[in-house]
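Peer 1: Before anything else, here's the structure in question.
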Amino acid sequence: MELLGSWHIEQVYDRPVIDYSPAKLVFEADGKLTGNNSCNNFFGSFTQDGANLSLTPSGATRKACVDALMDQEARVVDAMPKVKAAKEQQGKLLFLDADGNTIMILSRL
């Protein structure tokens, strides 16, 4: 499974993201992770070993946005450290928690 590149976050937990939301993750070859939580940009790192995946956000900008985007951002921030595995399914990238539950769904940009 090839993670490198940009992915749009389509769903976090059981809720789809807001239409035209900037929520995305960018995986770089050197293990860097950047993106947008829905309102703020963030940076960090990731490690992948086969299907096993770990996301480690380490910093973010701190601008305020409309409440709906701030709520969505809180869900993204909460979900990222819980990601333990990834799998591709029907052209989508699914992030799974330790129990195998889908907690994020992404599509390639």
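Peer 1: Quick one: how many residues across the stretch 37-52 are part of a strand (DSSP E or B) and of a type in the set (A, V, I, L, M, F, W, C)?
Peer 2: Of the residues in the stretch 37-52, 3 are part of a strand (DSSP E or B) and of a type in the set (A, V, I, L, M, F, W, C).
Peer 1: Okay, next question. Test each condition in (1) over 19 Å from LEU4 (Cβ atoms); (2) more than 13 Å from the chain's Cα centre (by Cα); (3) free of Cβ contacts under 8 Å to residues at least 12 places away in the same chain for ASP30 and report the one that comes out false.
Peer 2: Condition not satisfied by ASP30: (1).
Peer 1: Take VAL76 and tell me if it is surrounded by fewer than 17 Cβ atoms within 10 Å (Cβ to Cβ), at pLDDT 95 or above and not in a loop (DSSP other than H, G, I, E, B).
Peer 2: When the stated conditions are applied, VAL76 does not pass them.
Peer 1: Continuing with the same structure: Could you tell me which numbered condition ASP71 fails, if it satisfies all but one of (1) within 15 Å of ASN52 (Cβ to Cβ); (2) assigned to a helix (DSSP H, G or I)?
Peer 2: (1)
Peer 1: Could you run through the stretch 25-50 and say how many residues are surrounded by fewer than 19 Cβ atoms within 10 Å (Cβ to Cβ) and of a type outside the set (Gly, Ala, Ser)?
Peer 2: Of the residues in the stretch 25-50, 10 are surrounded by fewer than 19 Cβ atoms within 10 Å (Cβ to Cβ) and of a type outside the set (Gly, Ala, Ser).
Peer 1: Identify the residue in the stretch 4-18 that is in a strand (DSSP E or B) and either of a type in the set (A, V, I, L, M) or farther than 15 Å from ASN37 by Cβ (or both) and, among all such residues, is nearest to the chain's Cα centre (by Cα).
Peer 2: The residue in question is ILE9.
Peer 1: Regarding LEU55, is this residue in a strand (DSSP E or B), touching a Pro at 6+ places or on another chain (Cβ under 7 Å) and crowded, with 19+ Cβ neighbours inside 10 Å?
Peer 2: Yes.
Peer 1: Whether any residue in the stretch 42-56 is among the hydroxyl-bearing types (Ser, Thr, Tyr) and either under 13 Å from GLU10 (Cα atoms) or in contact with a helix residue (DSSP H, G or I) (Cβ under 9 Å, 6 or more places away or on another chain) (or both) is what I want to check.
Peer 2: Scanning the stretch 42-56 turns up at least one residue that is among the hydroxyl-bearing types (Ser, Thr, Tyr) and either under 13 Å from GLU10 (Cα atoms) or in contact with a helix residue (DSSP H, G or I) (Cβ under 9 Å, 6 or more places away or on another chain) (or both).
The values are calculated or read from the model by the stated rules, or taken from the named source; none is laboratory data. As the structure is a computational prediction, the values presented were derived from the model and not from experiment. Positions of Cβ are backbone-derived with ideal geometry, glycine not excepted, and every protein chain shown enters the neighbour counts.
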